[in-house]
Amino acid sequence: MSIDQWDLQLEWALWFRAAERIEVPEGGLVTGPPEVAPLPEPSLASGDELAEGWLWWWRSLLSAPPEPDMAELNRYSPPDFEALAGHPALQRVVRARWSEANAWHSARKLAGIEAFRTAARGREGAVVRAVEAEIGHPAAPFSVRIIVLPVLDRQIRSAGKSTFLVPEQVYASTVYDEWLRGLVRALA
């Protein structure tokens, strides 16, 4: 089981969705609105022209393997954000403002790591051990990827066979523990 928190590429995309007021319909892989504070001023009057490109970007990031090769990862990175070339309006905005998104992400990650140092560790392992005690045998081998995201959403979303998008608010609650218990039980 891997916990992917503070993913740079995903958090950049979320920052741009919030900062540029990009309205995309919730559902499937698209979470509720990002939790970005303070919310910066948009660079465009409306994020409408960016919505199609942003959806493509978001879906591309989520469909990438957990360990993409560096050449592919670099296509989504500064200074050119080459992967966004098919969506020139979005590419221009991302090129111009990526340092703001990066500063927001870096501050979040630093604060999160500090909180992680003082938090109880082994939460997921404890859930697996509890399920194993309930069922009376070790869980069958399984692979699960949990992607924790800063979104104003309370819904855990499937992003593929064994990948799940978990809002930070949910991850920090007992709701996550109960959901994980059910998932592990189904896989065990």
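Restricting attention to the stretch 50-60, report how many residues are surrounded by 17 or more Cβ atoms within 10 Å (Cβ to Cβ) and either of a type outside the set (A, V, I, L, M) or in contact with a Cys (Cβ under 6 Å, 6 or more places away or on another chain) (or both). Give the derivation first.
Restricting attention to the stretch 50-60, the residues satisfying the condition of being surrounded by 17 or more Cβ atoms within 10 Å (Cβ to Cβ) are 50-51, 53-55, 57-58.
Filter once more, so that each one left must be either of a type outside the set (A, V, I, L, M) or in contact with a Cys (Cβ under 6 Å, 6 or more places away or on another chain) (or both): 53-54, 57-58.
Count: 4.
Give me the residue from the stretch 15-40 that is under 23 Å from S106 (Cα atoms) and free of Cβ contacts under 8 Å to residues at least 12 places away in the same chain and, out of that set, surrounded by the most Cβ atoms within 10 Å (Cβ to Cβ).
The residue in question is A37.
Confirm whether G182 is exposed (fewer than 15 other Cβ atoms within 10 Å of the Cβ), outside any helix (DSSP H, G or I) and modelled with pLDDT of 95 or more.
Numbers: exposed (fewer than 15 other Cβ atoms within 10 Å of the Cβ): yes; outside any helix (DSSP H, G or I): no; modelled with pLDDT of 95 or more: yes.
When the stated conditions are applied, G182 does not pass them.
Exactly one condition in (1) crowded, with 19+ Cβ neighbours inside 10 Å; (2) free of Cβ contacts under 8 Å to residues at least 24 places away in the same chain; (3) not in a helix (DSSP H, G or I) is false for Y176; which is it?
(3)
Which ones in the stretch 14-33 are closer than 13 Å to A51 by Cα, more than 9 Å from the chain's Cα centre (by Cα) and assigned to a helix (DSSP H, G or I)?
F16, R17, A18, A19, listed by residue number.
Regarding L44, is this residue within 13 Å of L90 (Cα to Cα) and assigned to a loop (DSSP other than H, G, I, E, B)? Working first, answer last.
Working: within 13 Å of L90 (Cα to Cα): yes; assigned to a loop (DSSP other than H, G, I, E, B): yes.
Yes.
Which members of the stretch 62-75 meet the condition of being outside any helix (DSSP H, G or I) and surrounded by 11 or more Cβ atoms within 10 Å (Cβ to Cβ)? If you could, list the steps in order and put the result at the bottom.
Quick first cut of the stretch 62-75, residues outside any helix (DSSP H, G or I) only: 64-69.
A64, P66, P68 - these are the residues of the stretch 62-75 that are outside any helix (DSSP H, G or I) and surrounded by 11 or more Cβ atoms within 10 Å (Cβ to Cβ).
The values are calculated or read from the model by the stated rules, or taken from the named source; none is laboratory data. This is a predicted model, so every value here is computed, not measured. Neighbour counts run over all protein chains shown; Cβ positions are idealised from the backbone, glycine included.
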